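Here is the structure we will look at, set down as structure tokens.
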Amino acid sequence: LPVTTTSQQNTLHAIGEGLVKSTGVFDYSIVNGSITQLDISINPYGLPFKVLSVNGRGIKKWNLIDQKEEADEILDDAEQLVNQEQKKLKVLRIQFQYGIEGSYHLKINTEQEMPGTTAKVFVPSMTTLKVTRETGTLAVVARTNVEIKEEGRKYLRRIDNTELPAVQRQTPFPILHSYKFLEKGHELNLAVTRHDDIEVLCTCIESCVYEVTLSSGKLLHKIKMNVKNTAKQYIRLHLFKGSEVWSTTIDGQTVKPSSENMK
């Protein structure tokens, strides 16, 4: 009987700051023999792309090679983003130290540059070559304050976030889009919009006790503040002319203050 290989793929795309960081987790089932090599086709749609890491047991070496393939019309607005005559595909070739039998777990981390922080972009799609069947899920999260809208998709069906496997739901970022696919060659076109940042309150004095004591013709000032700070390096206080600082403490620890001339 011929060797039969099937694959379950679960991919997470984290988008932000002009980058698409993807993590693909593959679980293979090999029947009637063993395999010594895996070829995974990756379509970065002509954008700068690199593989950051490939993790799995028994890997001898891996490399990324170019492959050209005739392109079919995929989405209505694909002409704006992809050369319809020919697409430049990448093939991740993984070679093993020994024959792999039974089941195999593989994890791939990739990074793709977007045309800008605000852009229309196809997320990179990964497909294992020479397998009988490959199914899986796909999730999209936002790493920064970007708005992500779906522009089009192929071979993808929307699902609820709760239907995703645990490997995808463990992300610290909110899951915005979830999909399931049952065929090879799935594609997803997104519109990413980065909104302008606005300033927020970075320091807050929740309480302040100010005591003044008159002794021997001098005034002793004591200020105790409960401060919540997220960004400021210093707290600046305007002192009376001729004032002398005796001590400063933060959380019970003595610190050395500094001074600056006010214009």
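The values are calculated or read from the model by the stated rules, or taken from the named source; none is laboratory data. Small disclaimer: the values here were computed from a predicted structure and weren't measured. FYI the Cβ positions are ideal-geometry reconstructions off the backbone, even for glycines, and counts take in every protein chain you see. Just the protein is used for accessible areas: all its heavy atoms, side chains included, with ligands, DNA and RNA removed. Shrake-Rupley method; radii C 1.70, N 1.55, O 1.52, S 1.80 Å.
Across the cross-link table entries K21/K61; K224/K256; K60/K130; K120/K184, which are compared at the Cα atoms, the separations over 18 Å belong to K21/K61; K60/K130; K120/K184. A convex hull fitted to the Cα coordinates of region 1-53 yields 103 cubic angstrom per residue.
Over the chain, calculate the relative contact order: mean separation of alpha carbon pairs under 8 Å at least 6 apart, over the residue count, as a percent. Across the chain, relative contact order equals 20 percent.
In this calculation the C-beta distance from Y155 to Q233 is compared with R0 = 41 Å, giving a FRET efficiency of 0.20.
Here the chain has 49 percent of its accessible surface on carbon and sulfur atoms, given a 1.4 Å probe and all protein chains in place.
Counting only the backbone N, which residues of region 20-44 are under 19 Å from the spot 7 Å out from the Cα of V91 toward its beta-carbon? So the set is 35-44.
Estimated from helical segments only, the mean residue ellipticity of the chain at 222 nm is 0 deg cm²/dmol, where each DSSP H run of four or more residues counts as -39500 (n - 2.57). With kT/(6 pi eta Rh) evaluated at 25 °C and eta = 0.890 mPa s, and Rh the Kirkwood radius from Cα pairs, the chain diffuses with a coefficient of 108 µm²/s according to Stokes-Einstein.
Ordering M225, M126 by accessible surface, largest first, gives M225, M126; the 1.4 Å probe counts only protein heavy atoms, with every chain in place. The stretch between T162 and I250, if pulled fully straight at 0.36 nm per residue, gains 27.1 nm over its current Cα-Cα span. Sequence-ordered 3J(HN,Hα) estimates for region 194-208 from the Karplus curve with 6.51, -1.76 and 1.60 and θ = phi - 60° stand at 9, 8, 5, 6, 10, 6, 10, 5, 9, 9, 9, 9, 6, 8, 8 Hz, glycine and proline given as x.
Counting only protein heavy atoms and a 1.4 Å probe, region 124-263 has 78 square angstrom of accessible area per residue.
When all protein chains stay in place and ligands, DNA and RNA are ignored, the 1.4 Å accessible-area order of D66, D27, largest first, is D66, D27.
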